[in-house]
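Read the structure below first, then the notes.
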Amino acid sequence: MLLQVSNISKSYGVRPVLSNITLQIEDRERIGLVGVNGAGKSTLLQVIAGEMSYDSGDLFKAKETKIGYLKQNSGLQTDKSIWNELLSVFSSLLETERELRELEVLMSDPELISDEKKYESTMNRYSLRSEWFREQGGYEIEAKIRGILHGMGFGQFPPDTRVQTLSGGQKTRLALAKMLLEEPDLLMLDEPTNHLDIPTLTWLEGYLRGYPGAILVVSHDRFFLDALVTSIYEIERNSSKRYTGNYSRFIEIKEANYEIEMKQFEKQQEEISKLEDFVQRNIVRASTTKRAQSRRKQLDKMDRLDKPMGDLKRASFAFEIAQTSGKEVLQVDRIALSYDGRNRLLDGVSFQLRRSETAALIGPNGVGKSTLLKTLIGQHKQDAGTFKWGTGVTIGYYDQEQTGLTPSNSVLEEVWNTYPHLEEARIRTVLGNFLFSGEEVFKKVASLSGGEKARVALAKLMLQKANVLILDEPTNHLDLYSKEVLESALMDYEGTLLFISHDRYFLNKMAESMLDLQKDGLTSYLGNYDDYVEKKAELAEMETKRLAKEAEKKAASGSSAVKAESTSGGGYEADKQAKKEERSRQRKIEQLEQDIARLEDEISALEAELADPEVYNNYVLVQEKTAAVEERKSSLAAIYEEWEGLLA
C-alpha cells in the first residue's frame, strides 16, 4: 500500500467540502476520481499532496513514497530551454556521468598506475559507479527525453526552444512530460487531458497503462477513464465510495445499486406504513392493545434504511430552432487561412453541410480549427477561397474561451442584456435550469468557475434558437454529468451542428461525419470517431499493399529489360564484358535480396515483441525495441534503393 486516506474531513468556513473521505491506493493501481464540479476532487488531491491542511481524519503514507502532483493549468515557469528543463530530471545521473569521465581521465594517468593500491581503489569505484549508472538508465536518458517530447506533441520543436515562449497549454503539457520522466511512485493528475489533441491523448493513454507506479487521476474525459483506470472513487455529497472497474462499469454498477436500494427502501416504507396504520387503528382497543404495542416495539427496533441518493440536481435544457433553414446550409470552397497574410495555416479547405447534419471538425493542435470556425462566422478574414451560407440560416456560436461574456456583469445581467425583451421571470427560469438559483444569479461573471461560465454561455445559446450551432470545444470545463445533459440536448436538436472536440466519447455519441483538417486541406469521413479510426487503418493498409505491388511490378519490368539487352548483337569482347557485368549484377541483387529478407524478418520479430505485454508495459524495453526497428528500417530503405537501382 502506497497511501491511505481515512475519514478525512475538510471545510471552508461553515461549508463542508469533504466529510469522512476514505481512499486507499496500492502500487501500480489506476484510480479515477469523479464527481460533479465543486465536489471537492481537487481539494482532496491538494490534501494528499500536502498542499492543504485538513480538519480531521488521518493520512498514512509510506516514507519512501514519492508523490508527483500535476494541477490543472500548472505550466512550467523557467528560463531554460525545453531540452535542458527535461534534462534536469536526471541531475543525479548527469553528476555520476561527470564523475565517470573524471575517473576515466584519472585512470589514464601513468602516475596512478604506479600506485597499485590507489589504482585498484579507483578501478573499483569506477566499476561500481558505472554499474549504478547503467542500472539507473543513464545510457537511455536522451532516448527517454526524445520519446516523451515526441509523444507529448513537442517532436517538431527545436530542443533549444525557451519554455517561457510557449503558450499556457504547451507549458502544462511540458509539465506533464517532465513529471512522466520523474516517475514518482504515485502520479496524481488533475484534468491531464486538457490542451491535448487526439494523437497525444492516444499516446498518453498507452504510456500511462505501462507506467511503473500508481496513478490517481481526476478527469472529465470518459474515453480516457475507460481506457486507463481499473477502479473509480466517486465523491458525492461530500463523501466517497469506491467502485471496481472503469468509468462505464462504474455507471452500470451505480445504476444497478440505486435500483436495488430503492426497491429495498420502498419495501421497508410499505412495511412501516402498514405497521403504523395497524398501531394507530388498534392501540386504543382493549382487545388489540397488546398486538398494537407489539407492532410499535417492532417499529422501534427496526433498522430504518435511508432513502437512496439519486442524481444530484443537474442542468436541464433543450436547443430549439425558431425557423427551419434551407436544405443547403454551408458551402466552403478552397479556403486558405493565415494569421498575418503570409504564413499559411491552411490551404485548399473544401466541404459542405446540409440541413440537420452533425459534423465534427478534428485535426492536430495549432492546425487552425478554431480559426476556420471564426472565419465562417465573420470574425476572421480568409486569404483565398470562398464560403457561402444557405437561405434562412441563423447561426449560434459557442466560444471555448467564452470571450463573449462580460466579466463585470452579474449572471442575470449577462443573459438579460442579450435578451432584454424577455421577462425577468423567464430569464430566472432558464438560469435555474442551468443551476443558477436564488442569490447565485447575482454572482459576477468574473468570479465564476470555468464550468459555471460554460453554463452561462450555453444558457445564452439556448435562448437564441438558432438553426445552425457552431461549437468550439463545448464539453471543456463541463463535469461528467453536465456533458451527458449537453449530449442529450444536442441529440434532440433539429438544426445543423458543426463542432470541434477532442472528447472522443462525445465524438462517438454525436458525430455523423468527421472532417479531418490538415494543413493542405480537409478529408471527410462518414460515421463517428470509431468509424474514422477504422477507416484510417483500412486506408493505411491499402496504401502499404499498393506500394508493395508497385515494387513487384518495377522488379518484373527490370528483369524483362535485362533479358532483352542480353540478346542484342555486339562484338565478342563487348558481349563477354557485358555477361561478366551481368553476372556481377545478379550476384549483387541476390545478396541484396538476402539482406532484405533478413532485415524484414528481424523487423517482424521486433514488432511482434513490441506487441508482447511484457515488452509494451516496460517503457525502457519499448524504447530499445523501437530504436532497433527504426535502425533496421533505415538500413532496409537504403538497401531497397540500391536494389531498385540495380533492377532499373
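The values are calculated or read from the model by the stated rules, or taken from the named source; none is laboratory data. Just so it is clear, the structure is predicted and the values come from calculations on it, not from any experiment. Every residue, glycine as well, gets a Cβ built from its backbone with ideal geometry; the counts of neighbours run over all protein chains shown. Please note that ligands, DNA and RNA were not included when accessible areas were found on the heavy atoms of the full protein model with its side chains. Shrake-Rupley method; radii C 1.70, N 1.55, O 1.52, S 1.80 Å.
Key figures
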item	result
Hits in segment 137-168 (condition: open to solvent by 40 Å² or more (accessible area, probe 1.4 Å), closer than 15 Å to Leu181 by Cα and without any contact (Cβ under 8 Å) to a residue 60 or more places away in the chain)	Tyr139, Glu142, Arg146, His150
Single unsatisfied condition, Thr193 versus (1) under 21 Å from Ile25 (Cα atoms); (2) modelled with pLDDT under 95	(1)
Odd one out for Phe351 among (1) open to solvent by less than 10 Å² (accessible area, probe 1.4 Å); (2) among the hydrophobic types (A, V, I, L, M, F, W, C); (3) assigned to a strand (DSSP E or B)	(1)
Residue that is nearest to Thr375 (Cα to Cα) [pool: residues in segment 432-483 that are acidic (Asp, Glu) and surrounded by 17 or more Cβ atoms within 10 Å (Cβ to Cβ)]	Asp472
Scope segment 239-287; condition of a type in the set (Ser, Thr, Tyr), farther than 15 Å from Val34 by Cα and exposed (fewer than 13 other Cβ atoms within 10 Å of the Cβ); matching residues	Ser273, Ser287
Extreme residue, nearest to the chain's Cα centre (by Cα), among residues of segment 486-497 that are part of a helix (DSSP H, G or I) and surrounded by fewer than 21 Cβ atoms within 10 Å (Cβ to Cβ)	Glu487
Selected residue (only one of Gly35, Gly75, Gly68, Gly57 is over 30 Å from Leu435 (Cα atoms), buried (at least 17 other Cβ atoms within 10 Å of the Cβ) and touching an Asp or Glu at 6+ places or on another chain (Cβ under 7 Å))	Gly68
One residue from Gly363, Gly378 being crowded, with 18+ Cβ neighbours inside 10 Å and on the phi > 0 side of the Ramachandran plot	Gly363
Conditions (1) open to solvent by 10 Å² or more (accessible area, probe 1.4 Å); (2) of a type outside the set (Lys, Arg); (3) touching a strand residue (DSSP E or B) at 6+ places or on another chain (Cβ under 8 Å); number of the one not met by Val14	(3)
First in segment 65-81 and within 11 Å of Pro192 (Cβ to Cβ) and at pLDDT 85 or above, second anywhere and part of a loop (DSSP other than H, G, I, E, B) and open to solvent by less than 80 Å² (accessible area, probe 1.4 Å), Cβ under 7 Å, 6 or more apart	Leu70/Pro192
Neighbours by Cβ (under 8 Å, 6+ apart or cross-chain): first from segment 637-648, closer than 18 Å to Ser557 by Cβ; second β-branched (Val, Ile, Thr)	Tyr640/Ile596; Trp643/Ile589; Trp643/Ile596; Leu646/Ile589; Leu647/Ile589
All positions within segment 233-244 that are more than 18 Å from Ile8 (Cβ to Cβ) and either modelled with pLDDT under 90 or in contact with a helix residue (DSSP H, G or I) (Cβ under 7 Å, 6 or more places away or on another chain) (or both)	Tyr243
Within segment 207-227, tally of residues that are touching a residue at least 60 places away in the same chain (Cβ under 8 Å), under 15 Å from the mean Cα position of the chain (by Cα) and more than 21 Å from Asn37 (Cβ to Cβ)	4
Residue match in segment 180-195 (condition: buried (at least 17 other Cβ atoms within 10 Å of the Cβ), in contact with an Asp or Glu (Cβ under 8 Å, 6 or more places away or on another chain) and among the β-branched types (Val, Ile, Thr))	yes
Residue identified as in contact with an Asp or Glu (Cβ under 9 Å, 6 or more places away or on another chain), under 15 Å from Phe224 (Cα atoms) and open to solvent by 10 Å² or more (accessible area, probe 1.4 Å) among Asn508, Asn528	Asn508
Val562 vs. criteria among the aliphatic types (A, V, I, L, M), part of a helix (DSSP H, G or I) and modelled with pLDDT under 60	yes
Selection from segment 332-348 of residues that are surrounded by 15 or more Cβ atoms within 10 Å (Cβ to Cβ) and within 29 Å of Tyr493 (Cα to Cα)	Val332, Ile335
From Gly50, Gly57, residue being at positive phi and part of a strand (DSSP E or B)	Gly57
